[in-house]
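The next block holds one structure in the form of structure tokens; read it before the comments.
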């Protein structure tokens, strides 16, 4: 725990949240703030606690809105109890700041897995999609719309008997049909690469847009990039999404017809989430497999080797082959406000409670001549020394020749 120049305590390792949850290490980020691994002192178990973006320095109205969002996310997540959804345990208040306390399982996001593998096979991609669809089918029955299904919000557990278990997480911008909206009319939140076309055009997200986002996610898993490609300019990407012209599939194989149905531009013609689940499970099971097993069994690697989700992998860089995972309009990892896009499509949210934390390193291992610190690489330095040595030797030879000639 550290202290700012104004005496405000900044939570860090060993900080005790609400007198009960001892922070251990930062493990990631989500739609509303930093996620920590913590120890529940009362029940002696590990939990994941999400530190909602601090209300310090915000106006009373904005701070209250942030608190309401945290409570709303807790209520929404608590309404869903499914093996493929991260469970919500508690909403804790610490010095007036809300923290969400959730189930903790060592895991890696699908976005991180794709950073290592680029793609997964159609059957594995279909199984991931089917298990997420199973959880979201129950969510839709409960009236919950996720609104931000994407590779970064799907986890695959990495250790123990639960290795390979798929979990959907981060209901930070979800809504329940009977809840009063906390967003302004005409403001949209989420990740443009996985928007449904109608959402990019300003329509209210619904069950059909969740189906589209899941289809876009499975497309990304099998093809290596989102249906509309990658573009760091969110406004340009939004216009591509609004036109609903996806890039042709080249690797989807038997998944192609299912994805085409889920990515149908007209939301009224898309399958429901339960229909999508069944279609994906059939592909995952294959001609001789069991649909039930595809929905309930952990992911495994066909050849019996170590699965990619159980291997150590670097965090994805800011520019990722599966598209930017930074949500539109939210603050950056450094706390600065993100871009607000104006004009059609509608303005994107600048809500301080909606942010994603990702690596900001500009280093790329495939760029010659640079190191992580931005200094010349060893190979570049060696080349420079060799060239210098050559000219030194050449000068000595010239001097000797002149002396002999004299």
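The values are calculated or read from the model by the stated rules, or taken from the named source; none is laboratory data. The structure presented is a predicted model; accordingly, all values stated were derived computationally and were not measured. Here the Cβ is made from the backbone with ideal geometry for all residues, glycine too, and neighbour counts use every protein chain on show.
Suppose we filter segment 88-123 for residues that are part of a loop (DSSP other than H, G, I, E, B) and either more than 18 Å from the chain's Cα centre (by Cα) or surrounded by 20 or more Cβ atoms within 10 Å (Cβ to Cβ) (or both); how many remain?
So the answer is 5.
Which number in (1) in contact (Cβ under 8 Å) with a residue 60 or more places away in the chain; (2) at positive phi marks the one condition that residue 244 misses?
If we test residue 244 against (1) in contact (Cβ under 8 Å) with a residue 60 or more places away in the chain; (2) at positive phi, just (1) comes out false.
Is there a residue in segment 157-180 that is assigned to a loop (DSSP other than H, G, I, E, B), free of Cβ contacts under 8 Å to residues at least 12 places away in the same chain and in the same structural domain as residue 258 (by TED's automatic domain parsing)?
Looking through segment 157-180, at least one residue is assigned to a loop (DSSP other than H, G, I, E, B), free of Cβ contacts under 8 Å to residues at least 12 places away in the same chain and in the same structural domain as residue 258 (by TED's automatic domain parsing).
Looking at 86, 132 in this structure, which one is outside the structural domain of residue 288 (by TED's automatic domain parsing) and touching a strand residue (DSSP E or B) at 6+ places or on another chain (Cβ under 6 Å)?
Going through 86, 132 in turn, the sole match is 86.
Quick check on this structure: which one of 222, 211, 236 is under 21 Å from the mean Cα position of the chain (by Cα), without any contact (Cβ under 8 Å) to a residue 12 or more places away in the chain and not in a loop (DSSP other than H, G, I, E, B)?
236
Considering (1) in contact with a strand residue (DSSP E or B) (Cβ under 6 Å, 6 or more places away or on another chain); (2) without any contact (Cβ under 8 Å) to a residue 60 or more places away in the chain; (3) more than 17 Å from residue 147 (Cβ to Cβ), say which one residue 74 fails and leave the rest.
(3)
Give the residue that is modelled with the lowest pLDDT, with candidates limited to residues of segment 78-87 that are in a loop (DSSP other than H, G, I, E, B) and touching a helix residue (DSSP H, G or I) at 6+ places or on another chain (Cβ under 6 Å).
80
Test each condition in (1) more than 15 Å from the chain's Cα centre (by Cα); (2) modelled with pLDDT under 95; (3) within 17 Å of residue 211 (Cβ to Cβ) for residue 137 and report the one that comes out false.
Status for residue 137: all satisfied but (2).
Given the options 44, 63, name the one that is more than 24 Å from residue 162 (Cβ to Cβ) and either out of contact with any helix residue (DSSP H, G or I) (no Cβ under 6 Å at 6 or more places or on another chain) or surrounded by fewer than 20 Cβ atoms within 10 Å (Cβ to Cβ) (or both).
63
Consider residue 147 against the criteria (1) surrounded by 20 or more Cβ atoms within 10 Å (Cβ to Cβ); (2) outside any loop (DSSP other than H, G, I, E, B): it satisfies all of them except one. Which criterion is unmet?
For residue 147, the exception is condition (2).
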